[in-house]
Amino acid sequence: MFLQYFIFLVITISTTFSKTIDNKLTGTPEVKCGPDSIEIKGTTEDDFEGALFVKNWRTSGCFTAYEKLVNTTKNPTFTIPLTELSKCGLELRRHSQTRELEVFTVFVFSFHPSFVTMSDRAFAVHCIFQQQTITVATKFNFISDITTRATFNGVSAMPEPSLTIVNGRLPDEQLTPAKLVKVGDAIMFVWNMTHPSEIYGIQVEDCIAKTLDGRKMKILENGCTTDDIIISSVTYGERNQKAFADAMAFKFPDVEDIWIMCSVRTCIQKREHLLIETGISEEHLCKSEPKCEKQHRLKRQTHDLTAKIDGTDESITILHNKLQVIDVYANENSTMALSLHSQKNDENEVQEENKLKLCMLKSVYAMSAAFLIMLYFSTAVSGGILVYSLRKHSKQTTSHINNNNNQLYL
């Protein structure tokens with residue numbers, strides 16, 4: 001009786017395991033983008049046992065597990081709210097040209113609760129969220145029509161702001177952007193207009209530093225620093241065409257990559273001929289410097305950090321930049337330490353090569369000079385010998401002629 005039960009148990013487990021591994025998706029999963037979440041839904045031949053998760057982020061809130069006799073289904077589904085994208089390493093990015101918001105990720109259908117199998121499938125998902133344009137019209141009844149004499153058309157293109165982080169203390173956006181730095185290195189945040197404008201300027205609002213695992217900290221608020229040890233308040237150039245702030249490279253503990261997100265507003269330059277009607281706010285006018293006061297070092301809530309960086313205000317542009325920061329005491333065998341070491345070695349090699357070239361030039365110059373001196377000396381000696389020989393030969397010839405003349409007289 002025990003042997004029959006053992007055989008039945010083995011057959012049952014073998015059949016169940018084979019059924020799980022042999023299971024597969026039928027067709028292409030359905031993806032729904034928005035308005036408040038991203039949802040992916042697949043269809044399998046048999047009940048799905050495994051997990052549906054964001055690639056490389058099988059953590060709480062980033063996957064859905066399906067267990068036998070609990071919640072197995074032939075239509076596994078995973079939904080992630082747009083407000084929780086950062087928990088799974090995702091973020092909404094605004095396209096610089098179309099102004100659309102987009103997000104890119106990869107979802108994995110794993111047919112085993114613990115291991116990767118040959119039945120697993122991964123699907124890349126690219127969601128684009130278009131802005132909705134609403135036209136508001138009002139009807140007016142005039143006593144009489146007004147005849148149109150002429151129509152003048154004109155378009156004033158809005159300049160695009162940009163953010164560049166460079167090494168050193170020179171606010172020049174033409175310098176090579178800083179990508180790999182060490183903690184404590186001097187860096188400079190430079191915001192500028194891609195095209196100079198006589199009408200518009202740039203106004204820096206807020207900046208936050210964040211990591212893929214969701215940690216974040218506001219470093220600038222209304223152009224003012226929240227921690228003067230990390231970064232200074234924003235300084236504006238002439239006519240607000242450029243803004244900059246000097247900073248020291250920093251990082252979160254145990255994280256190498258840091259993302260900088262800044263909200264920047266396009267403002268209107270102040271002019272003498274610009275008249276503002278009474279009651280109209282001046283918030284869209286460029287400010288020559290931020291109004292910074294001593295801010296209370298209170299812990300800010302998450303919604304305060306993202307109040308101006310959620311992309312909902314059309315007058316604000318969200319700028320992104322990424323830095324790789326290595327600890328000063330980092331292990332020399334780490335990837336980033338090796339990379340920095342490689343850069344320094346390359347610089348040293350270039351310097352050594354230049355020194356060798358310079359030394360070679362000096363040696364060639366010295367050899368050439370010595371050769372010319374020897375040639376000049378040899379020429380002088382040879383010339384002297386030749387002159388001496390000619391004079392001696394001339395004297396001998398003269399003496400011989402005189403002797404012959406004396407003999408003729410005798």
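Applying the set (1) within 31 Å of the chain's Cα centre (by Cα); (2) at pLDDT below 85; (3) more than 24 Å from ASP213 (Cβ to Cβ); (4) charged (D, E, K, R) to ARG93 leaves exactly one unmet item: (3).
Of the numbered criteria (1) more than 23 Å from CYS292 (Cα to Cα); (2) surrounded by fewer than 18 Cβ atoms within 10 Å (Cβ to Cβ); (3) at pLDDT 90 or above, the one VAL181 fails is (2).
Considering region 184-205, and only residues there that are closer than 18 Å to LEU323 by Cα and at pLDDT 90 or above, the residue that is surrounded by the fewest Cβ atoms within 10 Å (Cβ to Cβ) turns out to be ALA186. Could you please let me know if PHE53 is touching a residue at least 12 places away in the same chain (Cβ under 8 Å), in contact with a Lys or Arg (Cβ under 7 Å, 6 or more places away or on another chain) and more than 30 Å from PRO161 (Cα to Cα)? So PHE53 does not fit the description; no.
The values are calculated or read from the model by the stated rules, or taken from the named source; none is laboratory data. Just so it is clear, the structure is predicted and the values come from calculations on it, not from any experiment. A quick note on method: Cβ atoms are made from the backbone with ideal geometry, for glycine too, and the neighbour counts reach across all protein chains shown.
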